[in-house]
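For reference, the structure discussed in these notes is given below.
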Amino acid sequence: MTGDGDDDTAAGTPVERAKAALAALGADGDDPSQSSRSTTPTVAVAPGRVNLVGGHTDYNDGLCLPIAVDRHVAVAARTRSDDLLRVHAADFDETAELAPEDDPDGWAAYVAAVARVLREDGPVDGADLAIASDVPTGAGLSSSAALELAVGRVLLAVSGRDLPTTDLALACWRAEREGVGVECGILDQFSAALCEADSALFLDCRTREFESVPLGDDAGVLVIDTGVSHELTESGYNDRVRECAAALDTLREDTDCDLDSLRDVDRDLLDAHADALDPTHFRRVRHVVTENERVRRARDALAAGDLDRVGDAMLAAHDSLRDDYEVSCPELDAAVELAAGTPGVYGARMTGGGFGGSAVALVDGDALDRAERAIRDAAPERVGPDADVFACRPSGGVRLVDVE
Ligand code: GLA
């Protein structure tokens with residue numbers, strides 16, 4: 001990996017910056033026969049996401065209700081005549097050259113992992129890629145899934161291939177698990193793939209069925225990035241996955257029931273077998289069981305236009321993630337408390353894996369500007385010096401972009 005790629009000015013949209021970075025890539029001494037630099041680039045974008053309700057349910061076969069945000073990773077590509085992927089990350093001004101067998105670290109690991117999974121079902125042509133993003137990294141907005149989906153979509157396109165979007169999402173999910181080592185569920189990749197504009201995505205992680213639920217014109221969404229960076233591979237994320245698996249094993253033994261996952265556990269079953277579980281595992285399972293109930297309630301409330309009830313579900317979800325699942329942190333709690341006390345806010349909760357990252361707030365659309373200003377003014381003192389606040393519109397999932 002090198003830092004000598006051509007400079008990107010950080011001005012413009014991710015698509016414009018990715019295109020400019022691709023045009024500049026290779027200007028300094030590459031063999032021009034290796035890349036067809038005159039062709040129009042192929043460009044894909046994929047969004048970051050926030051999850052309104054349904055935290056840590058996905059790897060338990062549960063339910064979630066994410067929206068994609070209008071912040072994107074853009075990847076511009078052109079084919080090469082060899083089998084290399086030469087990838088320039090404009091935001092870091094770094095370039096990686098990846099042969100098919102390479103297994104790099106850092107951001108390039110995501111690109112290599114996606115290419116490796118896609119190669120299992122067909123050829124992936126060599127290509128020059130340039131990446132630019134306005135999804136903050138480490139903020140719990142799933143910039144990594146956005147990167148995977150945009151890379152996957154563009155690599156399929158330059159290789160003359162296509163896949164149903166759910167298959168691409170599953171390929172990217174496998175890339176994250178096998179290539180990067182996070183034992184995550186499908187939430188992030190399905191959100192970056194399948195969300196629709198102005199809607200939340202009701203996602204059943206067991207059946208992988210999904211349904212768009214319009215957010216309505218009255219709703220606004222605020223993201224409060226605590227500025228505390230989270231890193232899933234180093235956080236307690238995989239610990240939680242293992243605790244759920246251990247609790248499931250105990251319940252299987254104690255109930256003698258054929259439980260496939262914690263999705264099969266309801267409150268009655270949990271209460272009847274509470275004594276078999278150690279207290280920590282009991283609370284983990286209670287979170288999963290009650291969170292699935294909250295997702296259903298929030299989906300129904302959203303469909304009925306009852307944003308107060310959606311907000312209530314978000315606040316209850318945060319309490320459960322904080323107390324039962326123990327994946328919050330003081331800054332996230334402060335962000336949720338600040339948002340919840342701001343006029344016009346229906347509800348708020350931490351989003352993403354936790355241990356840092358962002359909170360999401362559902363806000364009355366008419367009060368959005370005022371609420372954003374009030375939270376931004378108070379955030380440095382109440383949440384932390386690096387806190388950032390921004391409004392977002394629910395956006396569509398991964399797509400190829402027309403470029404002339
Ligand atoms: C991270 C993971 C997701 C999901 C969330 C928590 O974002 O990548 O799979 O588990 O945490 O809901």
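Observations on the structure shown:
- Residue in segment 132-139 that is away from the ligand (no atom under 16 Å from the Cβ), at negative phi and either buried (at least 24 other Cβ atoms within 10 Å of the Cβ) or not assigned by TED's automatic domain parsing to the domain that holds residue 107 (or both) present: yes
- In segment 150-180, the residues that are of a type in the set (A, V, I, L, M, F, W, C), within 15 Å of the ligand (Cβ to nearest atom) and under 18 Å from residue 98 (Cβ atoms): 172, 175, 180
- Residues that are of a type outside the set (A, V, I, L, M) and modelled with pLDDT under 75 occur in segment 8-23; there is at least one.
- Within segment 181-225, the set of residues being part of a loop (DSSP other than H, G, I, E, B), modelled with pLDDT of 95 or more and within 15 Å of the ligand (Cβ to nearest atom) comprises 185, 186, 195, 205, 206, 208.
- Look at (1) more than 27 Å from residue 70 (Cα to Cα); (2) touching a residue at least 24 places away in the same chain (Cβ under 8 Å); (3) touching a Lys or Arg at 6+ places or on another chain (Cβ under 8 Å) and you find that residue 82 fails only one, number (3).
- Qualifying positions in segment 54-73 - more than 10 Å from the ligand (Cβ to nearest atom) and assigned to a loop (DSSP other than H, G, I, E, B): 61, 65
- Selection count, segment 327-353, where residues are in a loop (DSSP other than H, G, I, E, B) and free of Cβ contacts under 8 Å to residues at least 12 places away in the same chain: 1
- Any hit, segment 358-366, residues being under 25 Å from residue 238 (Cα atoms) and either aromatic (Phe, Trp, Tyr) or touching a Lys or Arg at 6+ places or on another chain (Cβ under 9 Å) (or both): yes
- Counting the residues of segment 85-117 that are out of contact with any helix residue (DSSP H, G or I) (no Cβ under 8 Å at 6 or more places or on another chain), in contact (Cβ under 8 Å) with a residue 40 or more places away in the chain and more than 22 Å from residue 45 (Cα to Cα) gives 0.
- Cross-chain or 6+ apart pairs with Cβ under 7 Å, segment 46-62 first and at pLDDT 95 or above, then β-branched (Val, Ile, Thr) and in a loop (DSSP other than H, G, I, E, B): 46/398; 48/135; 50/351; 51/351; 56/327; 58/186
- For segment 250-289, a residue qualifies if it is of a type in the set (Ser, Thr, Tyr) and touching a helix residue (DSSP H, G or I) at 6+ places or on another chain (Cβ under 6 Å), and the qualifying residues are 250, 261.
- Hits in segment 84-110 (condition: out of contact with any Pro (no Cβ under 8 Å at 6 or more places or on another chain) and either small (Gly, Ala, Ser) or not assigned by TED's automatic domain parsing to the domain that holds residue 22 (or both)): 89, 90, 99, 106, 108, 109
The values are calculated or read from the model by the stated rules, or taken from the named source; none is laboratory data. Remember, it's a predicted structure, so these values are computed and weren't measured experimentally. Every residue, glycine among them, receives a Cβ derived from its backbone with ideal geometry; neighbour counts consider all protein chains shown.
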